[in-house]
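Peer 1: I'd like to ask some things about the structure below.
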Amino acid sequence: MGKQKKRIGVLTGGGDCPGLNAVIRAVTKTANNECGMEVVGFFDGYDGLVQNRYENLDDEDVSGILTRGGTILGSSNRADPFNYPVLQGEEYVYIDRSNQCVRNFDALGLSALIAIGGDGTMAASGGLMDMGIPIVGVPKTIDNDLEGTDVTFGFDTALQTATDAIDRIHTTAQSHHRVMIIEVMGRYAGWLALGSGMAGGGDIILIPEFPYDISAVCDHIKLRNSRGKKFSIIVVGEGAKPVGGEMTVSRTVENSPDAIRLGGVSNRIAAQIEGLIEVECRVTILGHLLRGGSPTARDRMLATGFGVEAVRMVNRGETGRMVALRGNHMTSVPISEVAGKTRIVTPDHEWVQAVNSIGLSLGTPDGVDLKEYLETARHENESRAKRAAKQD
Ligand code: F6P
């Protein structure tokens, strides 16, 4: 009898993004072709591992999916195995199903799991690793807010989608001499707003890290008007908030590890501006549009590279780590250094410096020290992570 092939599992957790299928394809093909391994794909993130819902994946199953958005495996941002929601009557109760994950993993004869996800997925992976499941993480999210890697896959596509939208809004802003406010996702980090604001030629960029002062925003619009520019483009991260104020919550999702869903701050900003100066504002909230579509060439390449490296790491026995990109090099970091952390925009980041140099406004008053804001933002993120960990 021949030697039994090694089997590995793969799952996609958290909010989806373009490039997930490209990773699944690269994982399956590398495992099959290069490493002689079999692949099992769990459905709906950690939900599939808890409930033992999976399918075997081979080359044929992943053929033609490179360019497709979403994930053929499905995803869930509610399936934390340590705090797993179960409906009892009309109410959810939360139970620890991590032992079930270990049992299912063992029963399938798996030797490792590749978990493609963001901070929530990495946090759950950390816990399961402590229980003996060897895991390699792959960093995904349009928010680009994962520690340990310069970039996550999915970000570039969302950045391009947001930039295309801003380009389109630019022309109508100009025709009607309006202030157009475009709100992008990104949660507690401003990467998407900052990047698309720069690439789309925004005039004012408001991000969660640097609370805005509405007078400073209005002053910049007036300054542009005085220079003959009768329209302005404001790009806002959904987590933006006024100095001394709070983020705008659009809903809470009861059984999600981070229950808060942000959204709608741009409506508030529009009302504030129209209340202070004589301009007409319009709001566009891009929302989930940013999570869909075919991945850009850059994301397809990054996702493929991450998937290949993840399998090679399993093959080399380098588990407990997340694949990462530093500069142009593929590397890896311990998952424990990533889990529960948020990578935010810092005042010394080259994008912030560039925005300042070309005279865009970040909505902060003249002379303000952005570093002071940063400490507060870091502190808030740490407290949020601690609260989330306590809920587990
Ligand atoms: O993390 C990705 C993300 O799209 C965030 O930018 C956004 O805040 C959140 O997920 C939205 O979550 P949901 O899909 O549950 O509405």
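Peer 1: Looking only at residues in segment 294-326 that are out of contact with any helix residue (DSSP H, G or I) (no Cβ under 6 Å at 6 or more places or on another chain) and farther than 21 Å from residue 119 by Cα, which one is surrounded by the fewest Cβ atoms within 10 Å (Cβ to Cβ)?
Peer 2: This residue is 316.
Peer 1: Given 58, 106, which one is away from the ligand (no atom under 13 Å from the Cβ) and free of Cβ contacts under 8 Å to residues at least 12 places away in the same chain?
Peer 2: 106
Peer 1: Let me ask something else about it. Which strands (runs of 3 or more DSSP E) does segment 64-129 wholly contain that include 1 or more residues that are open to solvent by less than 20 Å² (accessible area, probe 1.4 Å) and either more than 30 Å from residue 150 (Cβ to Cβ) or not aliphatic (A, V, I, L, M) (or both)?
Peer 2: Result: 84-88, 110-117.
Peer 1: Among the residues of segment 332-376, which ones are more than 16 Å from residue 209 (Cα to Cα), open to solvent by 50 Å² or more (accessible area, probe 1.4 Å) and either out of contact with any Gly (no Cβ under 7 Å at 6 or more places or on another chain) or of a type in the set (Asp, Glu) (or both)?
Peer 2: Matches in segment 332-376: 337, 357, 358, 366, 367.
Peer 1: While we're on this one: Please go through segment 244-273 and pick out each residue that is in a loop (DSSP other than H, G, I, E, B) and hydrophobic (A, V, I, L, M, F, W, C).
Peer 2: Selection gives 247, 253, 259.
Peer 1: So which residues in segment 1-46 are open to solvent by 30 Å² or more (accessible area, probe 1.4 Å), within 16 Å of the ligand (Cβ to nearest atom) and at negative phi?
Peer 2: The one that is open to solvent by 30 Å² or more (accessible area, probe 1.4 Å), within 16 Å of the ligand (Cβ to nearest atom) and at negative phi: 16.
Peer 1: Could you check segment 1-58 for strands (runs of 3 or more DSSP E) lying wholly inside it with 1 or more residues that are under 13 Å from residue 138 (Cα atoms)?
Peer 2: Hits in segment 1-58: 7-12.
Peer 1: Can residue 143 be described as within 16 Å of the ligand (Cβ to nearest atom), under 16 Å from residue 300 (Cα atoms) and open to solvent by 10 Å² or more (accessible area, probe 1.4 Å)?
Peer 2: no
Peer 1: Limited to segment 268-293, what total is found for residues that are away from the ligand (no atom under 11 Å from the Cβ) and either closer than 25 Å to residue 374 by Cα or open to solvent by less than 60 Å² (accessible area, probe 1.4 Å) (or both)?
Peer 2: 11
Peer 1: Looking only at residues in segment 225-241 that are away from the ligand (no atom under 16 Å from the Cβ) and surrounded by 19 or more Cβ atoms within 10 Å (Cβ to Cβ), which one is nearest to the chain's Cα centre (by Cα)?
Peer 2: Only one residue tops the list, namely 234.
Peer 1: Give the residues of segment 246-259 that are more than 11 Å from the ligand (Cβ to nearest atom) and either under 14 Å from residue 206 (Cα atoms) or open to solvent by 70 Å² or more (accessible area, probe 1.4 Å) (or both), sorted by residue number.
Peer 2: Result: 246, 248, 254.
Peer 1: Quick one: in segment 268-294, which of the residues that are touching a residue at least 24 places away in the same chain (Cβ under 8 Å) and of a type in the set (Lys, Arg) is farthest from residue 157 (Cα to Cα)?
Peer 2: Step by step, filter segment 268-294, then rank; the result is 282.
The values are calculated or read from the model by the stated rules, or taken from the named source; none is laboratory data. Model, not experiment: these values are computed from the prediction. Note: ideal-geometry Cβ built from the backbone for every residue, glycine included; neighbour counts use all protein chains shown. These area figures cover heavy atoms from the full protein model, side chains too; ligands, DNA and RNA do not enter into them. Shrake-Rupley method; radii C 1.70, N 1.55, O 1.52, S 1.80 Å.
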